[in-house]
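Have a look at the structure below, then the notes.
The values are calculated or read from the model by the stated rules, or taken from the named source; none is laboratory data. Computed from a predicted model, the values in this text were never measured in an experiment. All Cβ positions, even for glycine, are placed from backbone atoms using ideal geometry, and neighbour counts span all protein chains on display. Note: accessible area is taken over every heavy atom of the protein model, side chains too, but ligands, DNA and RNA are not part of it. Shrake-Rupley method; radii C 1.70, N 1.55, O 1.52, S 1.80 Å.
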Amino acid sequence: MSIHKAEDNRKVTTRRLVEMKQRGERISMLTAYDYTTAGIVDKSGIDVILVGDSASNVMAGNVTTLPITLDQMIYHGKSVVRAVERALVVVDMPFGSYQGNSKEALSSAIRIMKETHADAIKLEGGEEILESVNRILCAGIPVMGHLGLMPQSINKYGTYNVRAKEKDEADKLVNDAMLLQEAGCFAIVLEKIPAELGKKVAEKLEIPIIGIGAGRYVDGQVLVLHDMLGMTQGFSPRFLRRYADLNSIIHDAVGHYIADVKNNDFPNNNEQY
Ligand code: KIV
């Protein structure tokens, strides 16, 4: 297994992501929700850190992303931004903070940018939320789109199955992606769609397409950090590659600690004042 070393330590910008697509350099993106892990992920050389609303699942233990609030996303965003020097930081707009109307969407986006100091926001949807996207972009806030499986719409779908397998949904996705690009979005996440559709969108659009379960032909990849580190359990979609088994490592370390405490082996003479 090879390990990446970032050669360019300049801060990643939305413009640099587009240049990376132009020269065929793949974009790496991971989620983070707190100061300590964001610092490790940034120093490892990741290009983009997403403060995802998946915090609702992995941080708070909710079944869906719907319950997380704007205040909670801002708390996570601030914690991450404090740790990051190089990566572009994108904060998810939570469910209910932008779907109502474009004025509300803009004030939610402004709160995220003012209070977290993040670099950009991400929201889910195409044509339906275009007015909000336009309004946010007009205020000078960079927007990342999110199409395909949109977890904030899970109650409408009723399933986390692959999206856009049928022509109508695939055509709508391509059209939505074009609309987001025309509006001025700097990148789009495509979640859980057929690889051929991911390829078609990545070839058609000039802005970077970042996939999660969207195949290998898109311009970059994103995973939820806790999933790829093997901290979460009982979630094994085909697209998820686990790079560590932190669940076992933490479990064993905590088990050793408990045993040492019980056996009066910790602290020893050198570990006390
Ligand atoms: O919230 C999140 O983690 C996301 C990724 C799945 C792209 O939106």
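A few comments on the model shown:
- Matching helices (runs of 4 or more DSSP H) fully within segment 68-171 where at least 3 residues are among the charged types (D, E, K, R): 70-83, 102-116
- Failed condition for residue 121, given (1) touching a Phe, Trp or Tyr at 6+ places or on another chain (Cβ under 7 Å); (2) buried (at least 21 other Cβ atoms within 10 Å of the Cβ): (1)
- Residues that are modelled with pLDDT of 95 or more and either within 14 Å of residue 54 (Cβ to Cβ) or within 11 Å of the ligand (Cβ to nearest atom) (or both), drawn from segment 233-248: 237, 239, 240
- Tabulated pairs, segment 202-224, first farther than 15 Å from residue 150 by Cβ and modelled with pLDDT of 95 or more, second among the basic types (Lys, Arg) and open to solvent by 20 Å² or more (accessible area, probe 1.4 Å), C-beta under 7 angstrom, 6+ apart or interchain: 208/21; 215/199; 217/199; 219/21; 219/26; 220/26
- Scanning segment 196-218 for residues that are assigned to a helix (DSSP H, G or I) and open to solvent by 40 Å² or more (accessible area, probe 1.4 Å) yields 196, 199, 200, 203, 204.
- Within segment 1-63, helices (runs of 4 or more DSSP H) holding 2 or more residues that are within 19 Å of residue 152 (Cα to Cα) and open to solvent by less than 30 Å² (accessible area, probe 1.4 Å): 55-58
- Among the residues of segment 90-118, those that are among the aliphatic types (A, V, I, L, M), open to solvent by 10 Å² or more (accessible area, probe 1.4 Å) and out of contact with any helix residue (DSSP H, G or I) (no Cβ under 6 Å at 6 or more places or on another chain) comprise 110, 113.
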